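First comes the structure, then the notes that go with it.
The values are calculated or read from the model by the stated rules, or taken from the named source; none is laboratory data. Everything numeric in this text was worked out from a predicted model, so none of it was measured. All Cβ positions, even for glycine, are placed from backbone atoms using ideal geometry, and neighbour counts span all protein chains on display. Heavy atoms of the whole protein, side chains included, go into the accessibility calculation; ligands, DNA and RNA do not. Shrake-Rupley method; radii C 1.70, N 1.55, O 1.52, S 1.80 Å.
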Amino acid sequence: MRKKSLLPLCLCLLLTGCATVADYTSPTPPLGQDATALPTAAVGEPVPTSPDATATPQPQPVWGEQVYMTAYAVQGRSDPVFSPEYRLPKITNAEGIPAYEAINTYYADALDDLAVSAAELSGFAVEDYTMAQSLGDPFFNYVDSETFVLSLDTPTRICVLRTHVSNLGNPHPLTYPLADTFDLTTGARLSFADLFTCSADQARERVLSAVLARNAQSGYSGVVLDEASLRQGYDPESFYLTEDSLVVYYPQGTLATALGSPTFAVAYTELEDIFTPWQ
């Protein structure tokens, strides 16, 4: 389809945020349980305190979602020509916890970027619909969506696996993964290099070697893929974490002979000598 400048539209815009807020109460010792006595001091001297005496345990995050969805319509057509819908993570008990607030901000910014992109795509959708009508060709509704699951959820580390589905006027959609790994103690998004105690280059070679070995043994979905293509298309940042593995993925279209987005799981036990441990 031809892509021109955006056309002015009449549209209905709806922005909603869906989340459930759960109260958190700090745990207290059972009645009668021994407590650690604080140090004492002579009269007139400051009383030293233990750093942990007043510390409140950080609650585990409660996960909800932040949502952007809308529909772009044209005059004379009952169905919209484009219906974007994006659902990204939101920690509903983040208030007062800087690490959690940082993660929420990261996804709020990502949601804003998706909304801007959707507005740009709407112009293409209207133009394609108008052209299809004039030529008597079929028009396939534009769809762009994103959802997520937690592929790893531990007290100190979280991995969010996002699935983006895009159909921009074609009979079949394009589906590809995205992934973000966070340190829950700081809110920092972790890169590939952050996962290892060795250099990024050494870690890259170890992981790629494991991927090539998996491919040689059983391939992807029973099909052995071209080794040169796997080497050339490998991006260390295209990974997500599970309970027992680092999963390397190749976004759809990266490998010309592969269907979908091939994945290769590398067990942590294969990398334990260079992997940074976490709780």
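What are the chymotrypsin sites (Phe, Trp or Tyr not before Pro) within the range 228-279 that DSSP puts in a loop, where the Cβ has at most 16 other Cβ atoms within 10 Å?
Those that pass, being in a loop and sparsely packed, are 278.
Evaluate the Debye formula for the range 69-195 with equal point scatterers sitting on the alpha carbons, no solvent, and hand back log10 of I(q)/I(0) at q = 0.12 Å⁻¹, in q order, two decimals.
Cα-only, vacuum Debye calculation for the range 69-195: -0.57.
So, in nm, how far is label residue 120 from label residue 243 when the simple model puts each one 7 Å beyond its Cα toward the Cβ?
Going by the 7 Å Cα→Cβ label model, 4.0 nm.
What percent do you get for the relative contact order of the range 127-279 when only Cα pairs under 8 Å and 6+ apart count?
With pairs under 8 Å counted, the relative contact order is 20 percent.
How much length would be gained if the chain were fully extended between residue 209 and residue 69, taking 0.36 nm per residue of separation minus their Cα-Cα distance, in nm to one decimal?
Additional length available on full extension: 46.2 nm.
Kindly state, to the nearest 0.05, the FRET efficiency for residue 257 paired with residue 216, given R0 = 25 Å and r defined as their beta-carbon distance.
Efficiency for this residue pair is about 0.95.
Taking a probe of 1.4 Å, how large is the accessible area per residue of the range 48-197, in Å²?
46
Place a point 7 Å from the Cα of residue 226 along the Cα-to-Cβ direction; which residues of the range 237-263 have their backbone N under 14 Å from it?
Under cut-off, by backbone N: 253-259.
Tell me the carbon and sulfur percent of the accessible area for the range 108-200, rounded to whole percent, probe radius 1.4 Å.
58
How big is Rg to Rh over the range 140-279, alpha-carbon atoms, Rh as the Kirkwood inverse-mean-distance radius?
Across the range 140-279, the Cα-based Rg/Rh ratio is 0.99.
Rank-order 128-136, 84-92, 179-187, 104-112 by packing density, defined as the average count of other C-beta atoms within 10 Å over each peptide's residues, highest first.
84-92, 179-187, 104-112, 128-136
For the range 85-145, report the convex hull volume of the alpha-carbon atoms normalised per residue, in Å³, without decimals.
Taking the convex hull of the Cα positions in the range 85-145, it is 59 Å³ per residue.
Restricting to the range 79-207, what percent of DSSP beta bridges are antiparallel, rounded to 5?
Roughly 80 percent of the DSSP beta bridges within the range 79-207 come out antiparallel.
How large are Rg and Dmax for the range 208-279 when calculated on the C-alpha trace, in angstrom?
According to the Cα coordinates of the range 208-279, Rg and Dmax are 12.4, 39 Å.
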